[in-house]
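**Student:** Below is a structure I'd like to ask you about.
The values are calculated or read from the model by the stated rules, or taken from the named source; none is laboratory data. These numbers were taken from a predicted model, which means no experiment stands behind them. A quick note on method: Cβ atoms are made from the backbone with ideal geometry, for glycine too, and the neighbour counts reach across all protein chains shown.
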Amino acid sequence: MRAFTTHTGLAAPLLRPNIDTDLIIPLNRGSRGVELSEGQMVFESIRYLPDGSENPEFILNQLPYRRASILLAGENFGTGSSRESAVTGLMNFGFSAIIAPSFGQIFYNNCFGNGLMPVVLAPEQITQLTEQVAFNPLVAITVDLEEMEVRHPELRPFPFTVEVRLRNKMLAGLDDIDEILKHTEDTELFESSDLERRPWIYDWR
Amino acid sequence: MRRRSFIKSSLVASLASSASFLSSTVAAQSPRTMLEKIWDSHVVANLGGGTDLLHVDLHFIHDLHAGQFRALQRDGLLVRSPELTYAVADHSVSTLPGRTLESSPTGRRLAGELIASARALDIESVGINDAGQGIVHMIGPETGLTQPGKLIVCGDSHTCTQGALGSMAWGIGSTEVRNVLITQTIIQKRPATLRINYIGALNPWVTAKDVILFTIGKLGADAGLGFAVEYAGSAIRSMPMEERLALCNLSIEMGSRIGMVAPDDSTYQYLVGKQYSPKEQYWDTAMAYWQSIPSDPDALFDREETIDVSEIEPQVTWGTSPEHVVNVTENIPLPEAEPANQLAYQAALDYTGLTAGSKIAGTPIQRVFIGSCANSRIGDLRLASEVVRGRQVANGVEAWVVPGSQHVKRQGEAEGIDQVFTAAGFEWREPGCSRCLAANGELVPPGEHCVSTSNRNFIGRQGRDSITHLASPPTAAAAAIAGRIVDVRRLMAGEVA
């Protein structure tokens, strides 16, 4: 998994609440007749016109936002389906971090499995960042997981919190499997006593 | 109830150790919620910060994750516990009557691969036309695999459905699917607990689907973020299992990955005689374990809500989130009247093409879909069939019934329900996820309105530029007859032309 330590890049705002993973990426990537990359399919239903050309009204089709690597989002970003392609698609598009007041939980977990950094900030802070971006979209924002803050040259740094375990995982680029495999013996111990306590879990076929 | 069977000495020892397990983990502790009891008893290792490594009792895997087996093989890895894994082909399969694996190219590839891999690995599975095939969250309960106290995961967010039987069940992503296949464990942060107490009695033609839609409308689509929900109260106790399953299905639409109903006599009765319910020799011990699971009377929840179900009327969504819902008698909200939601409401209305402030009833519709893991059980179909009996689907409406499983389909046919639907002009189709998310290509065309008994009305969910109105089976059936969104109670009273 790709590690995330600190990232500086342009930001784009897509602030509507409850952006669901169906909107982030459709299941069927071949729906346009030719199989597109995950990055090309991100926000497909609002990014392209029916004839397949880019929708000029969609912010991520506009310069400089199409170069954004940080997304400023609304509450409950990534709600809905568990599809992990929502995360990998956003990364394939070019995003390294998403900043939102809250995230769908499955999506949030999936982020830490792939190296896309989800940052929780208060709505007022995201509003301030959005205002700065609107004023000058060419000023880059920094998401720093080591210092645990988001920085913009014109604003005071915004600290954010992340669980210790998740932070360590992201900084080192570790997969859960690395941690789980340290507990193989614990798993075996659990199962041998569980087999006696609840044999019907294991003996049902 | 099964009778106590002849007890051998080894079983006595097993019972004794079970009893001591139950007492050591239950009676000796301070009051615990059901979530805490099940969670605690599945901890393999404590990882600090409220995060644990948990043992997975049952891992369901469906056809959209067929590639995981291939990936494991490529990496030289084994599935750790084939005996705790169950494979179901549902998302990509065609639901065309008489379908085979060949009916959908995606279905052939994914479902075919899933079942072939499962068989090679000695994992129990149901293939496309096996007698037990259906949507994965139908199969768990129908087979008796879903049981109180089991920790169940699946790469599908509606795994929360299975909590209706008092299991602790949630949806996971692809990486987690892989890790469970390799280790039979999962790392998870313990959620906070939310109990919703439902009091009062349901009015005629108001179903569990209406109750949960109303709840999401009232509390919000993000109310359950960070919480596991327990649905409690007299109104829940009165609900048959099928209604509890429908209720739990939409937990994730409120932001909660986990939604549960405490087991009771309804649950135990439901499990009697199912294919994979605990075997005779284990039944009594399993029952004792199940009976220890409900929340202790003085257990504390992080948050509690109370809802009076007698106030609930048939619900319909008007927008692009399950929280965009009103009574069928109400008006679509005015964005300006809800400043906090104004932009979101306006965007939703721009997409669905509905008029703010107008009545939701009367909205013309072109498709009706009665199906999905939310509402495709025999009870749902029976209720919907009462609405269509002797009536005709309106001109210009395509109406489908997609039974959730082969079992439901057969039962429906035995009861003649299929003929009630087909006589009215519905298509009676094969089991699968179908039009809920159109992963099999069964789309709603652009610009068309579909009243759907599924659980998501997101932009483009049922097809690019399609508009979904979530509703209960009777409300969906009424819409098919009327050709527009209507109050099923008025239709049944003869008040709708």
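**Student:** Looking at segment B:210-237, I want the residues that are within 20 Å of B:Pro294 (Cα to Cα) and have a partner that is outside any loop (DSSP other than H, G, I, E, B) and of a type in the set (Lys, Arg) with Cβ atoms under 9 Å, at least 6 apart or on another chain. Which pairs are those?
**Tutor:** B:Phe227/B:Arg303; B:Val229/B:Arg195; B:Glu230/B:Arg195; B:Tyr231/B:Arg195; B:Tyr231/B:Arg244; B:Ala232/B:Arg195; B:Gly233/B:Arg195; B:Ile236/B:Arg244
**Student:** With respect to A:Ser69, determine if the residue is in contact (Cβ under 8 Å) with a residue 12 or more places away in the chain and in contact with a helix residue (DSSP H, G or I) (Cβ under 7 Å, 6 or more places away or on another chain).
**Tutor:** Numbers: in contact (Cβ under 8 Å) with a residue 12 or more places away in the chain: yes; in contact with a helix residue (DSSP H, G or I) (Cβ under 7 Å, 6 or more places away or on another chain): no.
So A:Ser69 fails the test.
**Student:** Check B:Gly441 against each of (1) surrounded by fewer than 24 Cβ atoms within 10 Å (Cβ to Cβ); (2) within 14 Å of chain A (Cβ to nearest Cβ); (3) at pLDDT 95 or above and name the one condition it does not meet.
**Tutor:** The failed condition is (3).
**Student:** Additional query: Anything in segment A:163-205 that is under 21 Å from A:Ile98 (Cα atoms), of a type outside the set (D, E, K, R) and buried (at least 18 other Cβ atoms within 10 Å of the Cβ)? List them, or say none.
**Tutor:** Those that are under 21 Å from A:Ile98 (Cα atoms), of a type outside the set (D, E, K, R) and buried (at least 18 other Cβ atoms within 10 Å of the Cβ): A:Leu166, A:Met170.
**Student:** While we're looking at this one, here's another question. Give just the number: which of (1) assigned to a helix (DSSP H, G or I); (2) within 14 Å of chain A (Cβ to nearest Cβ) does B:Arg456 not satisfy?
**Tutor:** (1)
**Student:** Output the number of the condition that A:Asn114 fails; it satisfies all remaining conditions of (1) farther than 25 Å from A:Thr5 by Cβ; (2) within 14 Å of another protein chain (Cβ to nearest Cβ).
**Tutor:** (1)
**Student:** Here is a list of conditions, (1) surrounded by 21 or more Cβ atoms within 10 Å (Cβ to Cβ); (2) at the interface with another protein chain (Cβ under 10 Å from one of its Cβ atoms); (3) over 19 Å from A:Thr184 (Cα atoms), and B:Ser41 meets all of them except one; can you say which number that is?
**Tutor:** (3)
**Student:** Right, something else. Under the condition of being more than 12 Å from chain A (Cβ to nearest Cβ) and among the hydrophobic types (A, V, I, L, M, F, W, C), which residue from segment B:49-82 is farthest from B:Ala120 (Cα to Cα)?
**Tutor:** B:Phe60
**Student:** Considering only residues that are among the aliphatic types (A, V, I, L, M) and touching a strand residue (DSSP E or B) at 6+ places or on another chain (Cβ under 9 Å), look in segment A:156-205 and name the one that is farthest from B:Ala288 (Cα to Cα).
**Tutor:** Start the filter on segment A:156-205 by keeping residues that are among the aliphatic types (A, V, I, L, M), which leaves A:162, A:164, A:166, A:170-172, A:174, A:177, A:180-181, A:189, A:195, A:201.
Okay, now just the ones that are also touching a strand residue (DSSP E or B) at 6+ places or on another chain (Cβ under 9 Å), so A:162, A:164, A:166, A:170, A:180, A:189, A:201.
Numbers: A:Val162: 40, A:Val164: 39, A:Leu166: 38, A:Met170: 43, A:Ile180: 32, A:Leu189: 23, A:Ile201: 14 Å.
Looking at residues that are among the aliphatic types (A, V, I, L, M) and touching a strand residue (DSSP E or B) at 6+ places or on another chain (Cβ under 9 Å), I get A:Met170.
**Student:** Within segment B:307-333, can you find the residues that are closer than 20 Å to B:Asn197 by Cα and under 22 Å from the mean Cα position of the chain (by Cα)? Break it down into steps so the answer makes sense when it comes.
**Tutor:** Let us first name the residues in segment B:307-333 that are closer than 20 Å to B:Asn197 by Cα, namely B:307-315, B:323.
Result: B:Ile307, B:Val309, B:Ile312, B:Glu313, B:Pro314, B:Gln315, B:Glu323.
**Student:** Taking segment B:402-427 as the region of interest, how many residues are under 21 Å from the mean Cα position of the chain (by Cα) and either in a strand (DSSP E or B) or within 14 Å of chain A (Cβ to nearest Cβ) (or both)?
**Tutor:** The first filter runs over segment B:402-427 and keeps only residues under 21 Å from the mean Cα position of the chain (by Cα), leaving B:402-412.
Going one step further and asking which of them are either in a strand (DSSP E or B) or within 14 Å of chain A (Cβ to nearest Cβ) (or both), we end up with B:405.
Total meeting the criteria: 1.
**Student:** While we're looking at this one, here's another question. Among strands (runs of 3 or more DSSP E) lying entirely in segment B:35-132, which contain 2 or more residues that are at pLDDT 95 or above? If you could, list the steps in order and put the result at the bottom.
**Tutor:** Numbers: elements: B:43-48, B:51-55, B:58-62, B:85-88, B:124-126.
Fully inside segment B:35-132 and qualifying: B:43-48, B:51-55, B:58-62, B:85-88.
**Student:** Every residue in segment B:361-389 that is surrounded by 24 or more Cβ atoms within 10 Å (Cβ to Cβ) and over 23 Å from B:Leu437 (Cβ atoms), please.
**Tutor:** B:Ser385, B:Val388
Quick grid of which residues meet (1) within 12 Å of chain B (Cβ to nearest Cβ); (2) crowded, with 19+ Cβ neighbours inside 10 Å; (3) over 23 Å from B:Glu442 (Cβ atoms); (4) within 14 Å of the chain's Cα centre (by Cα):
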site	(1), (2), (3), (4)
A:Thr6	no, no, yes, no
A:Leu14	yes, yes, yes, yes
A:Pro17	yes, yes, yes, no
A:Ile24	yes, yes, no, yes
A:Gln40	no, no, yes, no
A:Phe43	yes, yes, yes, yes
A:Arg47	yes, no, yes, no
A:Asn61	no, no, yes, no
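**Student:** Can you tell me which residue within segment B:170-190, out of those that are within 7 Å of chain A (Cβ to nearest Cβ) and hydrophobic (A, V, I, L, M, F, W, C), is nearest to B:His55 (Cα to Cα)?
**Tutor:** In this case the residue turns out to be B:Ile187.
**Student:** Looking at (1) within 20 Å of the chain's Cα centre (by Cα); (2) closer than 30 Å to B:Gln29 by Cα; (3) among the charged types (D, E, K, R), find the lone condition where B:Glu242 falls short.
**Tutor:** (2)
**Student:** Hey, does segment B:331-346 have a residue that's buried (at least 24 other Cβ atoms within 10 Å of the Cβ) and of a type in the set (A, V, I, L, M, F, W, C)?
**Tutor:** no
**Student:** Continuing with this model, one more query. Residues of segment B:297-322 being of a type outside the set (S, T, N, Q), closer than 19 Å to B:Phe227 by Cβ and surrounded by 17 or more Cβ atoms within 10 Å (Cβ to Cβ), which ones? Talk me through it step by step, then tell me what you get.
**Tutor:** Taking segment B:297-322 as the starting set, the residues that turn out to be of a type outside the set (S, T, N, Q) are B:297-305, B:307-309, B:311-314, B:316, B:318-319, B:322.
Subsequent filtering for residues that are closer than 19 Å to B:Phe227 by Cβ retains B:299-305, B:307, B:322.
Within segment B:297-322, B:Ala299, B:Phe301, B:Ile307, B:Pro322 meet the criteria.
Matching residues to (1) free of Cβ contacts under 8 Å to residues at least 24 places away in the same chain; (2) at positive phi; (3) within 12 Å of chain A (Cβ to nearest Cβ):
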| residue | (1), (2), (3) |
| --- | --- |
| B:Lys279 | yes, no, yes |
| B:Ala288 | no, no, yes |
| B:Pro297 | no, no, no |
| B:Val316 | no, no, no |
| B:Glu323 | no, no, yes |
| B:Glu330 | no, no, no |
| B:Ala340 | yes, no, yes |
| B:Thr355 | yes, no, no |
